[in-house]
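Engineer: Please find one structure pasted underneath; my questions will follow.
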Amino acid sequence: MDVSNAHLLDDAVVTTTLDAVVTWGREASLWPFVFGTACCAIEFMATAASRYDISRFGAEVLRFSPRHADLLVVAGTVSYKQAPILKQIYDQMPEPKWVVAVGACASTGGFYDNYTTLQGIDEIVPVDVYVAGCPPRPEAILDAVISIQKQLKEEPKFTLRHQEFKSKLDNV
Amino acid sequence: MSETQHINASELFGVIFQAKEQEGFSLLLDITAIDNLDKSHPTSTRFELVYILRHEDFKTLKIFKVSLADPLEGVESITSIYTSAEWAEREVYDQYGIHFKHHNTLKRILNHNEFEGHPLRKDYIITQGQYCTTSQDLMDEMQPLLEARCLDMKEDDLMIVNLGPSHPASHGTIRTLAALDGETIVAAAAEIGYLHRGFEKSCENHNYNQIIPYTDRLNYCSALMNNIAFSKTVEEMLEITLPDRGIFIRVILSELSRVIDHLVCLAAGLLDMGGQTNYWYLFNPRNNAYDFLSKLTGARLTNSYMRIGGMTHDLYEGWQDDLTDVLAKIDQGITDSLKMITHNRIYNDRIQNVSPVSADEALQYGFTGPNLRASGVAYDLRFSDPYYYYDTFDFQMVVGSVGDTYDRMMVRFDEMHESMKIIKQAMEQIPDGAINVSDKRIVMPSKDDVYGGIEGMMNQFKLVIDGVKVPKGEHYGAFEAANGELGFYIVSDGSGTPYKVKVRPPSFYHMAAYPKIIENYQVADAIMTLGSLNIIAGEMDR
């Protein structure tokens, strides 16, 4: 190929790696599915509203179909009754997908150490980022989005994640 | 005014029928049970049923107690007297395993369908969780509904649509199954319990002040009100009254919470309808209110600011300016929002005459609060049985006429103005002085005393370890919360931990009526109706 004319293209051509392009695309367009159940969901509403404005981080396209989403935000207490629904929604999401456990209940069951409450959603789905707080402030939820963005830069781009994860509801 | 009457299981139906038809107790507030298994609380039978009724003067209460020899034999269902008993009895069956004869759908309501045992029985271990693997199809409830309407899935070409429990317009975790003829709902059934977090069981192993953070998470849109309602009920059992400054702080914060609660309801309701700008206008001033609350209490949403006998600390210096600013912003938000909807045909046409509930029906369903007032029933505890000097404030009760979705929303808009009127008056009148009762058995000593002397240190130690000891007895305390009558039925055995706590959640009864009132309306209307009822799952499922 004759490269003598390459200068004519100027900066119309950028050379990069495929990984970098994919990362760039993914980190700026996380589409959250909000599995909002309780108090934390109210704080998520505040995160999405104009003052905290999650769209500054490219994650404002809230999808309520798991097929459209790649970021599962579990905001609120997940009870045993709710657990199979959470698992179904996670399974319906296409790869690649990330999960944020917002708040004490989703992370560990919180102070609901009783017969109703799942002691952390990581019994059911693999969690990438845990957010402390009961409920966390909107800034903390934004921080989780940024953490996911950082994390996905480091990860392999074209392999399935969490293949070794075993869910408590896998064999039922 | 409340009166407790012990009756036999066999005469229950007759007595309650008479109370309603002849004595005018038109509102069934709640049904619950007490498990007397623990020996510290001995009675002749293991189970007792408790029926709480309210008179149509909205002041007098009547509590019927029934001793129950055999939970499997149970008692006669009163669903034919009060529609609201349907879900209330199901809950007692689910939590205590008490049977109700001639109840149409006596099945679990809060716990999942694979659950074994009855968690509020004293011999059920609190931490014994049970995994759930499947969901119900709810056709066991749908089929009788269709048969009653002489409908057939195939012949009438009906379609089943499942809304929720994870659905953007289901406001949390509510599931509705609707049978559709075209776009019209011909029958519907609802399933709740997805956010059942065992509040009542948790109360039985925490002391009174430890329960306050749990009450925050009942109705998390107006957490402070739940704090106040619970503390007020316990204080009534202790027969103590707060100093005036404490009462005024509670009034100010209650009314601010009511405004916040209504703002969330209306913002979300209008968002469901496509009016997204209203969401920004109503939601942003709410953030200003949260700034004020976090400055005061340290938390935005779940404040835990109240304690039995008062509150953790006094208002900070300069709070008046902050609160005045918040009120101005809220007022601006409401004005902006109303400008866009008052004469907006889309808004008015979409919700006027949708799912109207008549006054009689509303009482039958057990409605309280703004939803009942929208139906034209002038019931507000702040007027009918005033507490905390509510009779001295100049404000009005907002009452609707038709009880449709429009009324339910507009009553809330107007109530926010009334609440702000109360806040402004209370800000002017608030006296100086103590905020807590001065009783060492109830309120924590000052830190100077704790670190400065053995008496103060022991005082703190006893209060932390044993908690506030509440005299033996049973009491139902009611409070006009943002969504309606929030009641706590507390049974004390004299220790620092309640023997039993039952919440009377307004949303539970509103939700029970929901599948009935959306019938004959379209799916899009049902979404608006749900928004206007303001179902808060934390309070409904507890």
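The values are calculated or read from the model by the stated rules, or taken from the named source; none is laboratory data. What you see is a predicted model, and the numbers here were worked out from it, not measured in a lab. Cβ sites come from the backbone with ideal geometry, for glycine too, and all protein chains shown count toward neighbours. Keep in mind that these areas ignore ligands, DNA and RNA; they rest on the heavy atoms of the full protein, side chains included. Shrake-Rupley method; radii C 1.70, N 1.55, O 1.52, S 1.80 Å.
Engineer: Using +1 on the beta carbon of Lys and Arg, -1 on that of Asp and Glu, and nothing else charged, what's the dipole of the protein assembly as shown about the Cα centre, debye to 20? Could you put the intermediate results ahead of the total?
Structural biologist: Numbers: 63 positive and 97 negative charges, 196 e Å.
Around 940 debye, computed over the protein assembly as shown.
Engineer: Could you tell me the center-to-center distance, by alpha carbons, between the range B:1-35 and the range B:229-267 in angstrom?
Structural biologist: 29 Å
Engineer: Any chance you could count the Lys pairs in chain A whose alpha carbons are under 21 Å apart, treating pairs 8 or more apart or on different chains as valid?
Structural biologist: Lysine pairs meeting the criterion: 10.
Engineer: If you wrap a convex hull around the C-alpha atoms of the range B:408-493 and split its volume per residue, what is the figure in Å³? All intermediate terms of the calculation are to be shown ahead of the outcome.
Structural biologist: On the way: hull volume 13.0 nm³, N = 86.
It is 151 Å³ per residue.
Engineer: To continue, here is another question. Among B:474-481, B:44-51, what's the highest-first ranking by average C-beta atoms within 10 angstrom per residue? Please list the in-between numbers first.
Structural biologist: Numbers: B:474-481: 22.0, B:44-51: 19.0.
In descending order of packing, they fall as B:474-481, B:44-51.
Engineer: Something else: Calculate the mean, over all residues of peptide B:293-303, of how many other protein chain Cβ atoms lie within 10 angstrom of the residue's Cβ.
Structural biologist: Numbers: counts 0, 1, 0, 0, 0, 0, 4, 8, 10, 6, 0.
Mean number of neighbouring Cβ atoms from other chains: 3.
Engineer: Using protein chains only (no ligands, no nucleic acids) and a 1.4 Å probe, work out which residues of the range A:95-137 have their accessible area cut by at least 40 Å² relative to the chain alone.
Structural biologist: A:Phe111, A:Tyr112, A:Asn114, A:Tyr115, A:Thr116, A:Cys134, A:Arg137
Engineer: Starting from the amide H of B:Arg504, placed 1.01 Å from N in the peptide plane, find each other amide H under 5 Å away whose residue is 5 or more places distant or on another chain.
Structural biologist: B:Gly487, B:Phe488, B:Tyr489
Engineer: Using the crude model of +1 on Lys and Arg Cβ and -1 on Asp and Glu Cβ, and no other charge, please compute the dipole size for the range B:212-507 relative to its Cα centre, in debye to 20. Could the numbers behind the result be given before it?
Structural biologist: On the way: 28 positive and 39 negative charges, 149 e Å.
Roughly 720 debye, rounded to the nearest 20.
Engineer: Do me a favour and compute the ellipsoid semi-axes for the protein assembly as shown from its Cα gyration tensor, root of five times each eigenvalue, largest one first, whole Å. Let's see the in-between values first.
Structural biologist: Values: eigenvalues 338, 202, 154 Å².
Each semi-axis is √(5λ); the values are 41, 32, 28 Å.
Engineer: Could you size up the charge dipole of the range B:233-329 around its Cα centre, putting +1 on the beta carbon of Lys and Arg and -1 on that of Asp and Glu, and report it in debye to the nearest 20?
Structural biologist: Numbers: 8 positive and 13 negative charges, 57 e Å.
Dipole magnitude for the range B:233-329 comes out near 280 debye.
Engineer: Using modelled backbone amide H atoms (1.01 Å from N, in-plane), which distant-in-sequence or interchain residues come within less than 5 Å of B:Asp30's amide H?
Structural biologist: The list, which skips near neighbours in sequence, is B:Ile52.
Engineer: Just name one of B:Asn36, B:Thr4, B:Ala19: the one whose Cα is farthest towards the positive end of the charge dipole of the range B:1-61 (beta-carbon charges, Lys/Arg +1, Asp/Glu -1).
Structural biologist: B:Asn36
Engineer: Which residues, if any, in the range A:42-79 lose at least 40 square angstrom of accessible heavy-atom surface (probe 1.4 Å) when the other protein chains sit next to their chain rather than the chain being alone?
Structural biologist: When all protein chains are present, A:Ile42, A:Glu43, A:Met45, A:Ala49, A:Ser50, A:Arg51, A:Phe64 each give up 40 Å² or more of accessible surface.
Engineer: Long-range amide H contacts for A:Leu71: which residues qualify at under 5 Å (H placed 1.01 Å from N, peptide plane, sequence gap of 5 or more or a different chain)?
Structural biologist: A:Trp31, A:Phe33, A:Trp98
Engineer: Okay, moving on. Checking the a/c ratio against 1.5 first, then a/b against b/c, what shape does the Cα gyration tensor give for the range B:212-507?
Structural biologist: Because a/c hits 1.5 or more and a/b exceeds b/c, the range B:212-507 counts as prolate.
Engineer: Now for a separate question. Run the numbers on the range B:185-202: which residues show a drop of 30 Å² or more in accessible area, chain on its own versus all protein chains together, using a 1.4 Å probe over heavy atoms?
Structural biologist: Residues losing area: B:Tyr194, B:Leu195, B:His196, B:Arg197.
Engineer: Right, another one. Could you sort A:Phe158, A:Phe33 by accessible area so the largest value comes first, with the probe set to 1.4 Å?
Structural biologist: On the way: A:Phe158 135, A:Phe33 5 Å².
Highest to lowest solvent-accessible surface, that is A:Phe158, A:Phe33.
Engineer: Averaged per residue, what accessible surface does the range A:32-153 expose to a 1.4 Å probe, in Å²?
Structural biologist: Values: 3620 Å² over 122 residues.
Per-residue value: 30 Å².
Engineer: Shifting gears a bit: Buried accessible area between B and A (1.4 Å probe, both chains summed, ligands and nucleic acids excluded), in Å² to the nearest 100?
Structural biologist: Working: alone 21360 and 9930 Å², together 27420 Å².
Protein heavy atoms only, the B-A interface buries about 3900 Å².
Engineer: Listed highest first by mean packing, meaning other Cβ atoms within 10 Å per residue, what order do B:329-335, B:354-360 come in? Don't skip to the end; give the middle numbers.
Structural biologist: Numbers: B:329-335: 17.7, B:354-360: 20.0.
By packing density, highest mean first, the sequence is B:354-360, B:329-335.
Engineer: Okay, moving on. For the range B:2-101: lysine pairs with Cα atoms under 21 Å, gap of 8 or more or different chains, count? Mind showing how you got there, number by number?
Structural biologist: Details: B:Lys20/B:Lys59; B:Lys20/B:Lys62; B:Lys20/B:Lys65; B:Lys20/B:Lys101; B:Lys39/B:Lys65; B:Lys65/B:Lys101.
Pairs that pass both the separation and distance tests number 6.
Engineer: Could I ask something else about it? Averaged over B:533-542, how many beta carbons belonging to a partner chain fall within 10 Å of each residue's beta carbon?
Structural biologist: Numbers: counts 0, 0, 0, 3, 7, 6, 0, 0, 6, 1.
Mean number of neighbouring Cβ atoms from other chains: 2.
Engineer: Is the shape of the range A:32-153 rounded, prolate or oblate, going by the alpha carbon gyration tensor and its root eigenvalues a ≥ b ≥ c, with a/c under 1.5 for rounded and a/b larger than b/c for prolate? Provide the component values of the computation, followed by the final result.
Structural biologist: Numbers: a/c = 1.68, a/b = 1.24, b/c = 1.35.
Because a/c hits 1.5 or more and a/b fails to exceed b/c, the range A:32-153 counts as oblate.
Engineer: Okay, next question. Using a probe of 1.4 angstrom, how much of the accessible area of the protein assembly as shown is carbon and sulfur, in percent? Write out the running numbers ahead of the final one.
Structural biologist: Numbers: 14090 of 27420 Å².
Accessible surface attributable to carbon and sulfur in the protein assembly as shown totals 51 percent.
Engineer: Starting at the first residue of the range B:187-199, write each ³J(HN,Hα) from the Karplus equation 6.51 cos²θ - 1.76 cosθ + 1.60 with θ = phi - 60°, in whole Hz, x for Gly and Pro.
Structural biologist: For the range B:187-199, the Karplus-derived couplings read 7, 8, 9, 10, 10, 10, x, 5, 10, 5, 10, x, 3 Hz, x marking Gly and Pro.
Engineer: Another question, then. Tell me, how many Å apart are the Cα centres for the range B:326-346 and for the range A:12-79?
Structural biologist: Going from one Cα centre to the other spans 30 Å.
Engineer: List, in order, the whole-Hz ³J(HN,Hα) value for each residue of the range A:83-90 obtained from phi through the Karplus relation with A = 6.51, B = -1.76, C = 1.60 and θ = phi - 60°; use x for Gly and Pro.
Structural biologist: Once rounded to whole Hz, the list reads 4, x, 6, 4, 5, 4, 5, 4.
Engineer: Can you work out the accessible area per residue across chain B, with the rest of the protein chains kept in place, probe 1.4 Å, in square angstrom?
Structural biologist: Details: 19480 Å² over 542 residues.
Dividing the accessible area of chain B by its residue count gives 36 Å².
Engineer: Considering only A:Ile85, B:Ser294, B:Leu530, whose Cα is most displaced toward the positive end of the charge dipole of the protein assembly as shown, charges sitting on Cβ of Lys, Arg (+1) and Asp, Glu (-1)?
Structural biologist: Projecting each Cα onto the dipole axis, the largest value belongs to B:Ser294.
Engineer: I would also like to ask the following. Per the helix-only calculation at 222 nm, which mean residue ellipticity applies to chain B, given -39500 (n - 2.57) for every DSSP H run of n ≥ 4 and division by its residues, nearest 500 deg cm²/dmol? Let's see the in-between values first.
Structural biologist: Details: 19 runs with 231 residues, N = 542.
Counting only the DSSP helices, I get -13500 deg cm²/dmol.
Engineer: Here's another thing I want to ask about it. Rounded if a/c is under 1.5, else prolate if a/b is larger than b/c, else oblate: which is the range B:282-378, with a ≥ b ≥ c the root eigenvalues of its Cα gyration tensor?
Structural biologist: oblate
Engineer: What are the principal axis extents of the Cα atoms in chain B, in Å, biggest first?
Structural biologist: 82, 62, 48
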